[in-house]
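Peer 1: Take a look at the following structure, please.
What follows is calculated from the coordinates using simple rules that are stated; it is not laboratory data. Keep in mind it's a predicted model, so treat the numbers as computed, not measured. Positions of Cβ are generated from backbone atoms using ideal geometry, with glycine treated the same way; all protein chains shown enter the neighbour counts.
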Amino acid sequence: MIARLRAMVVAGILLTAGPASAQAPAAAVYDAIAGELIELLRAGEGPSGLLDFRRIRIAIWPFGRDDDLPIAHDAANTINDALLPALLRRAGSRYVFLGRSDLRAVIADLEETAAEADAVSKVAKGALADMLLIGRLDAGVRDVLVSYKVVTSRSSNAGEYKAASTPRPVPVRQTASGVALDRAIADGARRLLDRVPDLEELRLAGVRFRNSGRHTDLGAYLEQHLAEAIAAAAANALTGRRVRLRQAELGARGLERLRGIGAEPRDLKAEGFEHASGAYTLGGSYWDFDDSVEVKIRLSGKDGRFAAWSQKITKATLPSGIEVRPPSDGIDPIRDNDNLGPVRFVLSSTRGDNPRYRVGETAHFTMLLGADAWVYCFYRQADGSLARLFPNPYHGDARLAGRVLHEVPSRVMPFDLRVKEPAGTELLKCFATSRDVRADLPPDLADFGRITLPATWTERLPIVFRQIRNATVSEASLVVTVTR
């Protein structure tokens, strides 16, 4: 890992150390982050059984894909590069920090996703580090907020969440202004089409707000207009070429394929849609800044082929009154520990990750675990009410086999999940434990025959499961957007 902050221009963002007068604030930010992380690491040694005389190895995990970040992937990783020397200054001889160059062998096949749970499992298997620092970036008004989770990666309790640092702004400087919406749509359509000249069918999977999983009015507008612009640009009156547009969704053949994969749970992600030649899935995100939004689009096709495009759009050119930021719904803290734990646990749906449904449609969820586990799932509806999804009166056994596709509903769970009013953001929250913990749960949660639960349990669920003794816990969530 490079132990200094390099000047880099990527996707309109410049991260730079700047002149001597500008370095002090940046150095102070990284020093504050490093100081907090060292204290969190020291506090986490005892419960992890790591308190001995050897040096503790800590891996700094790279950031994920561009569309999960407010800035470009390479630019995000320079934040880790800048943090490393500050950690080394404060660590003394107790800790050894591993950067990207040290982890190259284990992350080579994860470069596209860099999922947190993949990080834990890969590092744990290789016994490379005792703990992981997993960074998270969020968009501020004129800056980027960074925080880090401290996670143990020892095989006995790999993925156990220890603590998280305080989100802090890191110095970034905008170097490019946005363009008008119409120009951005036209430019994006042309650039994407140039990279997928064989395009015949475009499957729409959604443009979500940041990495929150939420679909918004603006996301739907961007998706629809970009898809229509791509189809119009591809149309050819002489050849009769026409690009088909449709909802991205797994049909019966796709589900049958997933039932038989017997592979890693990450194969169930949205990119797992089966693609015929000429078919691509359109998905992405947008990030809200002071006077612009940055759109990040990815077309995924057969055999891992993809095309990516990003552009900043001036807010003043967006449709009047359109929703840019979804209303606060309080579900983000419930998702803080998602993808952490010793068992790889993926929730998805026949419409991919974090789907959207119209009122009256039927939802179809899927689960895949890296190993056998006991699973407990709850559903928080848009009105704040809480329901038990699994186990339930139709299927009272919480144990699920690993590397087998589980569907809700299914033949063994013969009920419908009909989407109903009100519209808004909903959440499927699940916990996978290493043993049957029903006897350790409060009466409300232990009664599998009870579907409706007090809404006050929603925020307490992660605490309840994390406090169970002699059991490891892996968490997963699926954000569901309900529209009219």
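Peer 1: Using the Cα centre as the reference, give the magnitude of the dipole from point charges on the C-beta atoms of the stretch 365-456 (Lys, Arg: +1; Asp, Glu: -1; all else neutral), rounded to the nearest 20 debye.
Peer 2: Working: 11 positive and 11 negative charges, 28 e Å.
In debye, rounded to 20, the stretch 365-456 gives about 140.
Peer 1: What order do you get for Val437, Val151 when you list them from fewest to most C-beta neighbours inside 10 Å? Don't jump to the answer; show the numbers that get you there.
Peer 2: Details: Val437 21, Val151 29.
By the 10 Å Cβ count, ascending: Val437, Val151.
Peer 1: Could you line up Lys296, Lys429 from fewest to most neighbouring Cβ atoms inside 10 Å?
Peer 2: On the way: Lys296 22, Lys429 25.
In increasing order of surrounding Cβ atoms, one gets Lys296, Lys429.
Peer 1: For Ala371 and Ala308, calculate 0.36 nm times their separation in residues minus their Cα-Cα distance, and state this gained length in nm to one decimal. Walk me through the numbers on the way to the answer.
Peer 2: Details: separation 63, 0.36 × 63 = 22.68 nm, distance 3.37 nm.
Net length gain for the segment: 19.3 nm.
Peer 1: Related question: Pop the C-beta distance of Arg438 and Phe415 into the FRET formula with R0 = 25 Å and round what comes out to the nearest 0.05.
Peer 2: Numbers: r = 21 Å, r/R0 = 0.84.
It comes to 0.75.
Peer 1: Taking the Cα-to-Cβ direction at Thr456 and at Arg399 and moving 7 Å from each Cα, how far apart do the two end points lie in nm?
Peer 2: So the two model labels end up 3.5 nm from each other.
Peer 1: Suppose each label sits 7 Å from its Cα in the direction of the beta carbon; what would the Asp31-Asp194 distance come out to in nanometres?
Peer 2: According to this spin-label approximation, the distance is 4.6 nm.
Peer 1: While we're on this one: Ser320 to Arg466: extension gain in nm, 0.36 nm per residue of separation minus the Cα-Cα distance?
Peer 2: Details: separation 146, 0.36 × 146 = 52.56 nm, distance 4.48 nm.
Difference between extended and current length: 48.1 nm.
Peer 1: Just subtract the alpha-carbon distance of Asp74 and Glu39 from 0.36 nm times their residue separation and send over the number in nm, one decimal.
Peer 2: Details: separation 35, 0.36 × 35 = 12.60 nm, distance 2.79 nm.
Here the segment from Asp74 to Glu39 would lengthen by 9.8 nm.
Peer 1: Next question, about the same structure. Just the Cα atoms of the stretch 353-412: what Rg and Dmax do they give in Å?
Peer 2: Cα radius of gyration and Dmax of the stretch 353-412 are 12.7, 35 Å respectively.
Peer 1: List the residues whose amide H sits under 5 Å from the amide H of Phe97, counting only those 5 or more places along or on another chain, with H placed 1.01 Å from N in the peptide plane.
Peer 2: Those qualifying (amide H under 5 Å, at least 5 residues apart or on another chain) are Ile58.
Peer 1: Okay, moving on. When a footprinting reagent is the concern and you count Cβ atoms within 10 Å, what order do Asp397, Asp130 take, fewest first?
Peer 2: By the 10 Å Cβ count, ascending: Asp397, Asp130.
Peer 1: Moving on. Which FRET efficiency value, to the nearest 0.05, is calculated for Asp332 and Ser277 with the Förster distance at 35 angstrom and r the Cβ-Cβ distance? Show your work: numbers first, answer last.
Peer 2: Numbers: r = 40 Å, r/R0 = 1.13.
Using R0 = 35 Å, I get an efficiency of 0.30.
Peer 1: Something else: With a cut-off of at most 16 other beta carbons within 10 Å, and DSSP calling the residue loop, which trypsin sites (Lys or Arg not before Pro) in the stretch 373-406 qualify? Please list them. Walk me through the numbers on the way to the answer.
Peer 2: Details: sites: Arg380, Arg388, Arg399, Arg403; in loops: Arg403.
Answer in residue order: Arg403.
Peer 1: Right, here's the next one. Report the relative contact order of the stretch 383-451, percent, no decimals, based on alpha-carbon pairs under 8 angstrom and at least 6 residues apart. Show your work: numbers first, answer last.
Peer 2: Numbers: 33 pairs, mean separation 33.3, N = 69.
Worked out over the stretch 383-451, it gives 48 percent.
Peer 1: Please report, in cubic angstrom per residue, the volume enclosed by the convex hull of the alpha-carbon atoms of the stretch 332-483.
Peer 2: Working: hull volume 15.2 nm³, N = 152.
Normalising the Cα hull of the stretch 332-483 by residue number yields 100 Å³.
Peer 1: Considering only C-alpha atoms, what is the centroid distance from the stretch 374-422 to the stretch 184-239, in Å?
Peer 2: With the stretch 374-422 and the stretch 184-239 each reduced to a Cα centre, they are spaced 33 Å.
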